[in-house]
1. Kindly rank 96-103, 83-90 from highest to lowest mean number of other beta carbons found within 10 Å of each residue.
2. Rg and Dmax of the stretch 75-209, Cα atoms, in Å?
Amino acid sequence: MTLFISFVKRPKRLFQLLFLGGNCLSSSSMMNVSRPAIHPVDALPVAPTAGAIDRPPVRMKDVQGMPGTTGGLILRLSQFVPALISVSVMVTTSDFRSATAFCCLVLAVSLQSLWSLSLFLVDAYALLVRRSLRNHSVVQCFTVGDGVTSTLTFAAASASAGITVLINDLGQCNVNHCTRFETATAMAFISWFAVSPSFILNFWSLATH
């Protein structure tokens, strides 16, 4: 009964469903099959050119003042000479043992002179054989050594300067070697001033490695 009512109302639609349904379905399936599926395709990697392969890696230039450079060699020499003069002048006085600050100064500048001389020889060898000292362990050792020796030298020079000023204020220079004390203290400060650039450059190189 329902089919008859549908035929009366929409005869053409019912005729298509009954007689042409299979053909419609088959044609629709064929259309779906014939339509290709679209998938995204990854971009192929671009092969490097021959010039990029043959180009050597760019090496960062050493900053003058770092280990293994001419500037570093000059800085080590500038540290060694004043330290050697300071310890030589202080040792030649007969009464430097009477003040603890002067004894500390002798020990500090002696250590500074030995350290600077050792690194001077290392820098000279590196320059002769054209070898770079930009190694992490080597730079770390240089940084720690410069920090320790410069701190000791500055502390001893400051203490010796205070004792020398005290002797001058008390008017005891006639019985003491104030001139030699002042010379030794000034040379110690100059040596410390020359160590500071080496420490800063090594610390900067270590921090940016």
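Values quoted throughout were computed directly from the atomic coordinates according to the rules given, and no laboratory measurement underlies them. Everything numeric in this text was worked out from a predicted model, so none of it was measured. Glycine gets a Cβ as well: all are built from the backbone with ideal geometry, and neighbour counts include every protein chain shown.
1. Numbers: 96-103: 16.2, 83-90: 22.5.
Ranking, from highest mean packing down: 83-90, 96-103.
2. Taking only Cα atoms of the stretch 75-209, I get Rg and Dmax of 16.7, 56 Å.
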